[in-house]
Amino acid sequence: MLYFVHLLIQTWSRDRIPVANASNCCQKSRSLLACSINFNYQEDNYRFCTLLAPHIKASDEHAAQWVSDNQYYDDQNERFALVFDRVGDWGQTEKLLDVLLSERKTRLGPLHADTLTAMGNLASTYVNQGKWKEAESLQVQVMEARKETLGPLYPSTLLTMGSLAHTYRNQGKLKEAESLQIQVMEAMKEMLGPLHANTLTAIGNLATTYSDQGRWKEAESLQVHVMEAMKESPGPLHLSTLAAMTNLASTYNNQGKWKEAESLGVQVVEAWKEKLGPTHPFTLLAMGNLAYTYSNQGKWKEAENLEVQVMEARKEKLGSLHSATLIAMCNLATTYNNQGKLTEAESLQVQVMEAMKEMLGPLHTNTLTAIGNLASTYSNQGKWEEAESLQVQVMEAMKEKLGSLHSDTLIAMSNLASTYWYQGRWKEAESLQVQVMEAMKERLGTLHLSTLTAMANLAITYRDQTKLKEARELLDATSKGMQQALGADHPTTIQCMQVLTDITVTQHTEERMNLMQMSARQAINYNSLFMLKFLI
């Protein structure tokens, strides 16, 4: 049962406390707050936490004013961190867990179970903020320590392996992620059964990696199984069930099943709004995902409407310079681009780029991505020199920072090749596109959509140099790959087959000149489609 006291009465009561007793009363109030928190990261207690978080912050302010002994309270820190984690205030969560981990290392030792728990929770907070390197470093330490102290099949060890796999996946280390996830899934099935919540989570994590690898049919099969099982238990509105629906919607998006993706996306947004409120990070993330689905269907107005809401909510909640706000601005700028609102897109992208430079430095990967986005807008405006200058800068920095085979580097190379293509600099475009295609084949395999996109881009460049034999052979392989990966009815497959038909017809000598002029007019549309798909 919850009791509420009016704010004025709270203030009056606090002001009546004798100064000599203030410290003691403050500590007691913090203890009461801590005791009210059920320490369970799996419990669905968001609404209670939203009520509690402001009181914890207020008690922190009063403690700083009145409590002079700086005594450390382990249990309080851990419980308060849980509250801030639940409401999405991960900056505050990180501060508390950082202190908690430092104290436990000193008091309990680096291998104590409670120390490892704190380390794992801090890693999860890094994940929520996109700090992948920091998260990976901690998760590797926790995994190795738990293997050593508990064994490789202990539940805590398996959960840590799953968390590390998630971090690998978000850094593009898909093979490492898959290897860990298969181990975790098989162990969970054997120990807990196929329908246990932890087993279903493991299956869902593996499915997400399959999706990243372009293995969408395998991903979809697993994700449908997980979603249906979770609807039964723990229920259709549980956080885990909504996450499963979100993942399945993403896989539908990747396969061009827009209607199915939209249906799930709408359900998830409404559920998050009802459960967590309209401005919770998870709600805003779901709205962003739905906007992406609308964009894939050309529903630019619907996408723009959602993205404006997300951007404004994040500005109000986090400030205009927070990374999540800047990402929202980037997404809205992309939608402006797709509607031909290039001036609005450029304005947002310049703001994002300048903010990233100031906050992260000119060579941070997020800054480079922002520069690349602005360059793409310049390209769409026909500002080829400005676009090329920025894209060369981004590509060279990405190569030095991430290596020549990293996905971000390959995207930068592909974007520069596109700018060369628009200027009719076929040789330079071809050189980059060959490198991108070979790297994609090596990293992702021949049936991944990014590889097929790279093949299609190169085929079009061959065509525009009248290398029709090479273009037809490459596009034929691309078309077959897309039919296998996406299906014959997918819009991208259909357009690829249309380009192939054009090239095949063009090979007839008598019609070559007229048809080449016609296909040259079509090339911009086809190349833009493939490049846009690659960028997404």
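Matching residues to (1) among the small types (Gly, Ala, Ser); (2) outside any loop (DSSP other than H, G, I, E, B); (3) farther than 26 Å from SER379 by Cβ:
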{"site": "GLU307", "(1), (2), (3)": "no, yes, no"}
{"site": "MET311", "(1), (2), (3)": "no, yes, no"}
{"site": "SER320", "(1), (2), (3)": "yes, no, yes"}
{"site": "ILE327", "(1), (2), (3)": "no, yes, no"}
{"site": "LEU332", "(1), (2), (3)": "no, yes, no"}
{"site": "TYR336", "(1), (2), (3)": "no, yes, no"}
{"site": "GLY340", "(1), (2), (3)": "yes, no, no"}
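Considering only residues in segment 379-407 that are within 26 Å of LEU449 (Cβ to Cβ) and among the hydroxyl-bearing types (Ser, Thr, Tyr), the one that is modelled with the highest pLDDT turns out to be SER379. Among the residues of segment 427-441, those identified as at pLDDT below 95 and among the hydrophobic types (A, V, I, L, M, F, W, C) are ALA439, MET440. Yes or no: segment 295-306 includes at least one residue that is within 16 Å of the chain's Cα centre (by Cα) and under 26 Å from THR419 (Cα atoms). Within segment 295-306, not a single residue is within 16 Å of the chain's Cα centre (by Cα) and under 26 Å from THR419 (Cα atoms). Only one entry of LEU475, LEU447, LEU468 meets the criterion of being closer than 26 Å to ASP408 by Cβ, among the aliphatic types (A, V, I, L, M) and in contact with a helix residue (DSSP H, G or I) (Cβ under 9 Å, 6 or more places away or on another chain), and that entry is LEU447. Residues in segment 275-289 that are in contact (Cβ under 8 Å) with a residue 40 or more places away in the chain, over 18 Å from the mean Cα position of the chain (by Cα) and outside any helix (DSSP H, G or I): GLY277 only.
For segment 423-430, the condition of being farther than 20 Å from ALA471 by Cα and touching a helix residue (DSSP H, G or I) at 6+ places or on another chain (Cβ under 6 Å) holds for none of the residues.
The listed residues are LEU444, LEU410, and the only one of them that is crowded, with 20+ Cβ neighbours inside 10 Å and modelled with pLDDT under 90 turns out to be LEU444. Only one entry of LYS231, LYS259, LYS273 meets the criterion of being modelled with pLDDT of 90 or more, within 19 Å of LYS217 (Cα to Cα) and among the charged types (D, E, K, R), and that entry is LYS259.
Among the criteria (1) among the aliphatic types (A, V, I, L, M); (2) surrounded by 16 or more Cβ atoms within 10 Å (Cβ to Cβ); (3) under 27 Å from LEU410 (Cβ atoms), the one VAL310 does not fulfil is (3). Which members of segment 133-154 meet the condition of being farther than 17 Å from TYR168 by Cβ, surrounded by fewer than 15 Cβ atoms within 10 Å (Cβ to Cβ) and out of contact with any helix residue (DSSP H, G or I) (no Cβ under 6 Å at 6 or more places or on another chain)? Across segment 133-154, the qualifying residues are GLU148, THR149, GLY151, PRO152.
Per-residue answers, yes or no, for (1) part of a loop (DSSP other than H, G, I, E, B); (2) within 22 Å of PRO155 (Cα to Cα):
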residue	(1), (2)
ILE182	no, yes
PRO194	yes, yes
HIS225	no, no
LEU264	no, no
LYS273	no, no
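Would you mind stating whether LEU153 is free of Cβ contacts under 8 Å to residues at least 40 places away in the same chain and part of a helix (DSSP H, G or I)? No, not satisfied.
Surrounded by fewer than 22 Cβ atoms within 10 Å (Cβ to Cβ), on the phi < 0 side of the Ramachandran plot and out of contact with any helix residue (DSSP H, G or I) (no Cβ under 7 Å at 6 or more places or on another chain): does that describe GLU228? Taking the combined requirement at face value, the residue satisfies it. Within segment 185-216, being of a type in the set (Lys, Arg) and closer than 20 Å to MET440 by Cα holds for one residue alone: ARG215. The residue that is surrounded by the fewest Cβ atoms within 10 Å (Cβ to Cβ), counting only those in segment 337-394 that are β-branched (Val, Ile, Thr) and within 23 Å of LEU432 (Cβ to Cβ), is VAL392.
Can you find even one residue in segment 31-41 that is of a type in the set (A, V, I, L, M), within 24 Å of PRO234 (Cβ to Cβ) and at pLDDT 65 or above? So far as segment 31-41 goes, yes, one or more of its residues are of a type in the set (A, V, I, L, M), within 24 Å of PRO234 (Cβ to Cβ) and at pLDDT 65 or above. Number of residues in segment 190-204 that are polar (S, T, N, Q) and either out of contact with any helix residue (DSSP H, G or I) (no Cβ under 6 Å at 6 or more places or on another chain) or surrounded by 24 or more Cβ atoms within 10 Å (Cβ to Cβ) (or both): the value is 1. For GLY120, indicate whether it is over 25 Å from LYS173 (Cβ atoms), within 21 Å of the chain's Cα centre (by Cα) and assigned to a helix (DSSP H, G or I). Judged against the criteria, GLY120 is not a match.
The values are calculated or read from the model by the stated rules, or taken from the named source; none is laboratory data. Treat the numbers as computed from the prediction; the structure is a model and nothing was measured. Quick reminder, even Gly has a Cβ in these numbers, built from the backbone with ideal geometry, and neighbours come from all protein chains shown.
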